[in-house]
Amino acid sequence: MPAKGVLVAVTADVVIAGGGVIGTAIAWRAAMAGLDVVLADPAQGDAASLVAAGMLAPVSEALFGEGALLRINLLAVARFGSFAAELEEVTGQRIGLRREGTLAIAYDPGDYAALMRLTAFRRSAGLDAVELDSRACRKLESFLTPDVHGGVLFAGDWSVDNRRYAAALREAAAAAKVRIVRDRVTEVLTRDGRTRGARLADGGEIASAQVVVAAGCGSSAIAGLPAEVRAAVRPVKGQLLRLRHPDAMPPVISHTIRATVRGADVYLVPRADGEVIVGATQEERGPDRTVTAGGVHDLLHDAMSVLPVTSELILAETCAGLRPGTPDNGPIVGGFGAGDGAGNGPGNGPGNGQRGLLLATGHYRNGILMSPVTADAIVACLTGQPLAAEWEPFTPGRFMSRPGAREGSR
Ligand SMILES: Cc1cc2nc3c(=O)[nH]c(=O)nc-3n(C[C@H](O)[C@H](O)[C@H](O)COP(=O)(O)OP(=O)(O)OC[C@H]3O[C@@H](n4cnc5c(N)ncnc54)[C@H](O)[C@@H]3O)c2cc1C
């Protein structure tokens, strides 16, 4: 493997910038489709993918006015099972997929009324929701506070251990002969409207007719992308806690629990190995990834309000990550061609960008969930197939106001 600082001539069928779950899932599937893949990432340890809670929660994440996102998220959870099974089979690793669902709880009649409005909306979209009174909630989760007013079980939500998942993806990609370059992509290179490769921070270049930008919120710093697309991706900070059961203490929850405490949302996600994830803050603070005393305090306070026994768990880790947010909360997936979203297939017009450039970023709160379907969509583009119709609301073109608005390409 070329190391950082070593200038070598590298060529590939496709370069992927970014090795979080999105870039690594694409790399694995692209290599499985027969492509020669280089994945460039200076430090996968900074990825939001390693901070996330791992909820696969199309139902409890479904909000008013986000119908297209809900459709993709439902396809994503439906795809996750077979994708996870193949990944586990290939790697021999267990990734901690859980299917117990989410228990959303409300404290007072006001919270409950708000939950019921969301529940009616979710039901109108065909989603499964079972209303539960206080006693029924506590029958499901016996450590819940007695103050709970009522709740709803959303059985369509799953969860996964995102760190195990990311590790398994890396192993599967390596087994599929994906080449890793430990460096940052600084620029997507073009000539005459066609992608010709990627420039690295060490000054080296990788020659490739196709480049996929999957660098999470780092995507906005890569030159050669349309300016509007770069501007559309912003970091949304999230602080999160990892708690552990003391030895001999049985698991305190079996469902993902979500609640609103003093207007702030908190969730607790159980893991098979006894870890409990408590998350998460939502902060507009640019690239700041610090963990604050206030953030930890609020998360612990809110978690203890929902589940008082939280105070007996071990505070194993505090962390913060940057969600790649977008103005409409939807991902940015596809390319700039007229037909397939990629500009790669025969018969496509030039679109309003360059051929061979694909985006897979902006997955905001649902990037773990959407990683398998994103990989499917991007690999379809890379192999000359059309982008599936459900992705049309999420192509980069929605942010483009004028043709050819690229920045820094040459
Ligand atoms: C607190 C928190 C909780 C979350 N909970 C959930 C959840 O429960 N469920 C869910 O589905 N999602 C969740 N998310 C969102 C999810 O983590 C993200 O949507 C997802 O991880 C995005 O994946 P990614 O691969 O696009 O980006 P990342 O995981 O951020 O990876 C980007 C990678 O690109 C690399 N990179 C950056 N710049 C460059 C460059 N110029 N060249 C090459 N490489 C580069 C970085 O080093 C990094 O490894 C959560 C996020 C946070 C922060």
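The values are calculated or read from the model by the stated rules, or taken from the named source; none is laboratory data. Computed from a prediction, not measured in an experiment: that's the story for all the values here. Accessible surface is based on the protein model in full, side chains and every heavy atom, while ligands, DNA and RNA are left aside. Shrake-Rupley method; radii C 1.70, N 1.55, O 1.52, S 1.80 Å.
Here, the range 130-209 yields an orientationally averaged convex hull projection of 10.7 nm² when only Cα atoms define the hull. Accessible surface area normalised per residue over the range 1-136 is 42 Å², counting heavy atoms of protein chains with a 1.4 Å rolling probe. Counting only alpha carbon atoms, the long axis of helix 293-306 and the longest principal axis of the chain meet at about 50°. GNM remark for the chain: springs join alpha carbons under 10 Å apart, and the peak mean-square fluctuation among A173, A293, A223 falls on A293. Quotient of the Cα radius of gyration of the chain and 2.2 N^0.38 Å, N being its number of residues: 1.00.
The GNM of the chain, with springs linking C-alpha atoms under 10 angstrom apart, assigns the highest mean-square fluctuation among V211, V236, V252 to V252.
In plain terms, the bigger the Kirkwood radius, the slower the diffusion; for the range 64-198, with that radius from Cα pairs, at 4 °C and 1.567 mPa s, Stokes-Einstein puts D at 69 µm²/s. For the range 208-255, a Kirkwood hydrodynamic radius built from all Cα pairs, placed in the Stokes-Einstein relation at 25 °C and 0.890 mPa s, yields a translational diffusion coefficient of 165 µm²/s.
Per residue, the range 181-245 exposes an accessible area of 31 Å² to a 1.4 Å probe, with every protein chain left in place. Relative to the longest principal Cα axis of the chain, at what angle does helix 67-91 sit, 0 to 90 degrees, rounded to 10? The two axes meet at around 80 degrees. Specify the angular offset, from 0 to 90 degrees and rounded to the nearest 10, of the alpha carbon long axis of helix 162-175 from the longest principal axis of the alpha carbons in the chain. Helix 162-175 sits roughly 30 degrees off the main axis of the chain. Using alpha carbons only, the radius of gyration of the range 148-298 set against its Kirkwood radius gives Rg/Rh = 1.07. For the chain, modelled as a Gaussian network with Cα springs under 10 Å, which listed residue fluctuates most, A303, A125, A30? Answer for the Gaussian network model of the chain: A125.
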